1. Find the residue count for segment A:173-193, including only residues that are touching a Pro at 6+ places or on another chain (Cβ under 6 Å) and more than 10 Å from chain B (Cβ to nearest Cβ).
2. For segment B:133-183, how many residues meet the condition of being in contact with a Phe, Trp or Tyr (Cβ under 7 Å, 6 or more places away or on another chain), polar (S, T, N, Q) and at pLDDT below 80?
3. Do we find a residue being open to solvent by 10 Å² or more (accessible area, probe 1.4 Å), part of a helix (DSSP H, G or I) and in contact (Cβ under 8 Å) with a residue 60 or more places away in the chain anywhere in segment A:178-187?
4. List pairs: first residue in segment A:254-277 and more than 23 Å from A:ALA341 (Cβ to Cβ), second residue β-branched (Val, Ile, Thr) and open to solvent by less than 10 Å² (accessible area, probe 1.4 Å) anywhere in the structure, Cβ distance under 8 angstrom, at least six positions apart or on different chains.
5. If I filter segment A:428-450 down to residues being over 17 Å from B:ALA22 (Cα atoms) and within 7 Å of chain B (Cβ to nearest Cβ), which single residue comes out as modelled with the lowest pLDDT?
6. Only one of (1) farther than 18 Å from A:ASP243 by Cα; (2) part of a helix (DSSP H, G or I); (3) in contact (Cβ under 8 Å) with a residue 24 or more places away in the chain fails for A:ALA325. Which number is that?
7. With (1) within 14 Å of another protein chain (Cβ to nearest Cβ); (2) open to solvent by 40 Å² or more (accessible area, probe 1.4 Å); (3) farther than 30 Å from B:GLU161 by Cα as the list, and A:ASN28 as the residue in question, which single condition is left unmet?
8. How many residues are at the interface with chain B (Cβ under 9 Å from one of its Cβ atoms) and either more than 13 Å from A:MET258 (Cβ to Cβ) or open to solvent by 40 Å² or more (accessible area, probe 1.4 Å) (or both) when one looks only at segment A:10-22?
Amino acid sequence: MLFQTWVFAGFFVLVYALYLGLAHKPQNLLLLVVSYVFYGWWDWRFLGLLWISTGVGYASALLMGRSSGGRRRAFLWISLCTDLGILAGFKYLNFFVGSAAALLQRAGFDAHPAVLGIALPVGISFYTFQSMSYTLDVYRERVAPVRSLGDFALYIAYFPHMVAGPIVRAERLLPQLQKPRTVTRESFESGLLLFGIGLARKLAIADCLARHVDNTFHNDLAASSSLELLRGVLLFGLQIYNDFAGYSDMARGLSRMMGIELTVNFDAPYFATTITEFWRRWHISLSNWLRDYLYIPLGGNRGGEFRTYRNLLITMLLGGLWHGASWNFVIWGGIHGAALAVHRLWSSRAARPRIPAPLSWAMTMAVVFGAWVFFRAEDLGEVRAVLSGILHWHGGHSLWWFVQPLAPVLLWLFLDRVAVHAGEPVISRWTWPARGLTYATLALGITLLRSHHAVPFVYFQF
Amino acid sequence: MPFLSSIFSFETWRGGLPRPGAAVGLAAGVLLLFDVGVARRETLWKYDPVVRFRGEMEARVIAPAPAPLVVLFGSSTTKDAVAPRILEGELGLPQGSVINLGIPFGTSYDALFLYRRHRERLSKAKLLILGLDECCLDAHHTFQAHAPYCAPLQDRLDYFEDPGTLLGWAWRTCDFGPAAAWTAETLFRTLIHKEKAGIPFAFTPDGRFSPTYLSDKAGPGNLSHEVRAKAGWDHFVLSRKRARVLKDFAALARSDGIQVLFLQIPGRDRYVDWVEARYPETRRASREALLSLHAPADGVRVRPEFRGSEMGLEETDFADHEHLRTTGARKFTENLGRWLRREYPGLWLQ
């Protein structure tokens with residue numbers, strides 16, 4: 001059930017009407033049941049995995065709260081191994097077996113792994129990370145174990161953000177679930193506006209650009225001109241951002257309408273002037289997760305320069321692998337890790353020349369968009385074809401060909417530079433004519449640019 | 001307590017009912033103005049080459065044929081594959097007896113729509129052939145801009161998967177997206193590139209009506225077979241609504257006493273083999289759904305054809321995976337003609 005479909009619209013209107021009419025406890029029960037319905041809509045069989053992750057996380061945290069020392073650590077490991085085991089089995093097994101077989105074949109062994117054909121459960125990376133953050137926080141005594149299984153199950157399964165984030169920490173979401181909530185007219189209107197902005201990002205920008213991107217990547221890459229490939233890569237960067245940020249905005253908007261605040265996940269990342277700033281603005285909930293549960297436990301920046309760079313690289317390599325079981329994602333993470341290390345090294349030099357902001361921005365975007373090639377390409381062969389096609393400059397196109405995707409690009413600029421600041425819409429502060437014209441623009445953008453069938457969110461595959 | 005109710009407490013809500021306000025009123029006004037002033041302008045819709053193609057086809061193919069005996073419908077694959085002059089020769093029919101109404105991006109709905117629109121003329125035919133694309137029963141197989149352009153409310157309810165299309169009946173802006181894109185492109189090309197607006201259409205010597213920019217060397221795209229197959233079959237969902245269009249088309253034709261043939265245009269062997277190997281179950285389900293329409297006793301036949309070589313076609317006869325060049329069209333039409341002579345003996349003389 002995708003947010004941008006009529007089925008979801010009907011589902012949410014019904015749920016919302018019921019939600020407003022219920023008291024706190026029945027509200028939570030309603031949210032839990034509809035969250036499972038929402039998830040089971042894709043494939044009810046994978047609900048079992050969700051329940052295992054929930055059950056083990058809940059029990060481990062409770063037992064951790066009643067024990068100390070080695071026993072406490074053991075319960076933490078039980079929970080972490082369960083979540084990592086689910087991830088390994090359903091997301092990475094084929095990748096590891098296939099990679100090992102390829103390695104053996106290169107070494108001259110006759111290795112033919114059976115193709116396991118394991119389907120990837122939607123949202124698996126998000127809810128397992130959410131569960132892990134909770135047990136780690138309980139272990140570190142940052143949050144107290146939750147006594148109510150219902151509240152904890154809702155924390156894991158809460159439908160607006162379960163399948164593609166934001167990954168919300170227990171300390172932020174659980175108190176909101178445990179206390180009665182009030183929906184004000186302002187929060188309803190602001191949530192609806194945020195949902196509308198997310199819908200415009202998805203339907204009018206991401207899905208529209210996807211058609212241009214697919215045209216590039218579905219064609220014979222070797223025969224495509226440099227401009228065609230470059231345009232494909234640039235538009236893919238805008239597509240994936242608006243697709244994912246659109247989902248996050250819709251999730252936050254829906255949640256706000258129900259009186260629950262989720263964390264901001266994006267803050268105009270393509271206007272970052274350094275790679276470090278980019279990661280403070282891109283997929284913020286994952287960046288923070290990786291920082292707090294991976295980078296800092298690895299030692300962070302304590303222990304000398306070499307260790308800091310090593311930790312950055314490991315964190316980003318694993319962050320890349322989190323996105324998908326493929327070497328492309330690992331390399332993508334590696335590029336970002338290396339860029340972060342280089343930026344850190346540069347920043348640490350006391351007598352460095354000042355780089356003008358536009359140049360710094362251009363260099364940052366060159367890295368970010370260059371790395372997107374690894375993200376979009378099916379395999380390393382495609383990466384090679386795209387990069388060599390761009391670097392060995394050839395061919396041209398008519399002016400119209402460049403102007404074609406202008407409408408969604410302008411809409412993106414309008415949203416990121418004018419209508420949204422730090423992840424929050426500022427439209428409501430404008431005069432009524434400005435607001436009216438903005439609403440009309442968003443509605444026209446959605447109706448005119450939308451695709452005739454629902455396009456799944458890119459990040460659902462992660 | 002604005003939401004007092006005997007059933008629900010609505011204790012969650014505070015702050016009164018949301019008020020639409022002047023901003024929402026202005027937005028609604030702008031949308032209404034756009035809908036009435038832009039999205040309903042016939043001249044703008046005609047910048048969509050498919051809408052324009054159908055208009056030209058009605059004027060230059062249907063109008064000059066007062067009593068065609070064999071009428072072909074379908075998409076660009078049918079448009080490219082069947083040469084009317086060659087088929088007339090094979091069947092021993094006079095010129096103008098066979099007309100090919102294949103439309104680029106055409107769907108089964110276009111066939112139904114065209115037949116209804118020109119029923120008086122087309123019902124004089126003996127045989128209606130509807131060329132089917134390989135994914136014609138897929139729920140995602142988009143009915144293009146020209147379909148909503150003309151679909152009445154009942155058709156939108158019966159045949160269209162996207163509920164947005166239903167909304168488009170009242171709010172034409174929902175349908176207008178592709179036509180708006182074409183309008184923008186035409187204006188840009190005319191004003192900036194100084195190009196002449198609209199693509200010219202012409203007849204090929206063997207009687208096919210086509211946009212003139214297409215030649216034997218330029219197929220409609222250079223997609224790799226893997227990518228093309230994935231786009232068509234990866235998310236295939238068998239649609240009852242799509243099957244219903246075919247059933248209703250056949251029923252309408254049969255009520256006029258006309259034989260109906262659903263004909264699948266063959267694909268390039270290399271492509272078809274790849275697809276068959278990768279999507280055996282989906283292909284089987286799709287083929288079975290098509291064959292369920294086969295009822296020779298009732299005058300409805302289905303002729304599924306998947307591999308080009310079964311029709312004597314070689315790799316070089318294809319412009320891409322499914323569109324035929326002139327040589328391929330000749331071979332395919334001759335083969336079809338022989339089959340029609342055998343399967344419908346004397347039909348044309350009745």
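The values are calculated or read from the model by the stated rules, or taken from the named source; none is laboratory data. Please read these numbers as outputs of a predicted model, since none were measured by experiment. A quick note on method: Cβ atoms are made from the backbone with ideal geometry, for glycine too, and the neighbour counts reach across all protein chains shown. For the accessible areas, the whole protein counts, side chains as well, though only heavy atoms, and no ligand, DNA or RNA atoms are used. Shrake-Rupley method; radii C 1.70, N 1.55, O 1.52, S 1.80 Å.
1. 1
2. Selection size over segment B:133-183: 1.
3. Keep residues of segment A:178-187 that are open to solvent by 10 Å² or more (accessible area, probe 1.4 Å), which gives A:178-182, A:184-187.
Still in the list and also part of a helix (DSSP H, G or I): A:178, A:185-187.
So of that shortlist, the ones also in contact (Cβ under 8 Å) with a residue 60 or more places away in the chain come out as A:187.
Yes - at least one qualifying residue is present in segment A:178-187.
4. These pairs meet every condition: A:MET257/A:VAL183; A:MET258/A:VAL183; A:GLY259/A:VAL183; A:GLY259/B:THR12; A:LEU262/A:VAL168; A:THR263/A:VAL168.
5. Within segment A:428-450, the subset over 17 Å from B:ALA22 (Cα atoms) is A:444-450.
Restricting the remaining residues to those that are within 7 Å of chain B (Cβ to nearest Cβ) gives A:444, A:447-450.
Values: A:LEU444: 95, A:THR447: 91, A:LEU448: 91, A:LEU449: 89, A:ARG450: 84.
Taking the candidates together, the pick is A:ARG450.
6. Here A:ALA325 meets the rest and fails (2).
7. (2)
8. Quick first cut of segment A:10-22, residues at the interface with chain B (Cβ under 9 Å from one of its Cβ atoms) only: A:17-22.
When the remaining residues are screened for being either more than 13 Å from A:MET258 (Cβ to Cβ) or open to solvent by 40 Å² or more (accessible area, probe 1.4 Å) (or both), the result is A:17-18, A:22.
Selection size over segment A:10-22: 3.
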